[in-house]
1. Using the Cα centre as the reference, give the magnitude of the dipole from point charges on the C-beta atoms of the range 1-70 (Lys, Arg: +1; Asp, Glu: -1; all else neutral), rounded to the nearest 20 debye.
2. Counting only protein heavy atoms and a 1.4 Å probe, tell me what percentage of the chain's accessible area is made up of carbon and sulfur.
3. Which whole-angstrom value gives the distance between the alpha carbon centres of the range 34-50 and the range 1-18?
4. Return the single residue from Ala26, Ala64, Ala46 with maximal mean-square fluctuation; model: Gaussian network over the chain, springs between Cα atoms under 10 Å.
5. How far, in nm, would the chain grow between Glu69 and Lys7 when pulled straight, counting 0.36 nm per residue and subtracting the alpha carbon separation?
6. So which trypsin sites (Lys or Arg not before Pro) in the range 11-45 pass both tests, a DSSP loop state and at most 10 other Cβ atoms within 10 Å of the Cβ?
7. Report the extension gain between Lys23 and Gln60 in nm, rounded to one decimal, defined as 0.36 nm multiplied by the number of residues separating them, less their alpha carbon distance.
8. Please state, as a whole number in µm²/s, the translational diffusion coefficient that the Stokes-Einstein equation yields for the chain at 37 °C and 0.692 mPa s, with Rh defined as the Kirkwood radius across alpha carbon pairs.
Amino acid sequence: KMGEAIKNAMKIGGVTQTDLAKKLNAKTQSVIAGRLNHPNMSINNALEMLNELGYEITIQPKKAGRRPEGQIVITMEDKE
């Protein structure tokens, strides 16, 4: 789910995997693809990529109802 959220942020920002690889000084685009498709992405990798995309992770109590537009919520219920 985290990888999908980051892919969505990339799409919104018009950032390709190659662009993100360059920003993160990764050797190739395939490094980013591997991170995005890993089923258990590390929080460090997620934070690093999100930071470059201008996003942050917020921890808050769970709540019901609608979320502000653009907010992505990931919970244990989303676990595949």
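1. Working: 11 positive and 6 negative charges, 46 e Å.
Result for the range 1-70 is approximately 220 debye, rounded to the nearest 20.
2. Details: 3080 of 6120 Å².
C and S atoms contribute 50 percent here.
3. 11
4. Evaluated over the chain, the most mobile residue of the options is Ala64.
5. Numbers: separation 62, 0.36 × 62 = 22.32 nm, distance 1.68 nm.
Length gained, Glu69 through Lys7: 20.6 nm.
6. Numbers: sites: Lys11, Lys22, Lys23, Lys27, Arg35; in loops: Lys27.
Hits after loop and neighbour filter: Lys27.
7. Taking 0.36 nm per residue and subtracting the Cα distance, the gain is 10.4 nm.
8. Working: Rh = 13.4 Å.
In µm²/s, the coefficient is 244.
The values are calculated or read from the model by the stated rules, or taken from the named source; none is laboratory data. Because the structure is a prediction, the values reported are computed rather than measured. Note that each Cβ is placed from the backbone with ideal geometry, even for glycine, and that neighbours are counted across all protein chains shown. Only protein heavy atoms, including side chains, enter the accessible area calculation; ligands, DNA and RNA are left aside. Shrake-Rupley method; radii C 1.70, N 1.55, O 1.52, S 1.80 Å.
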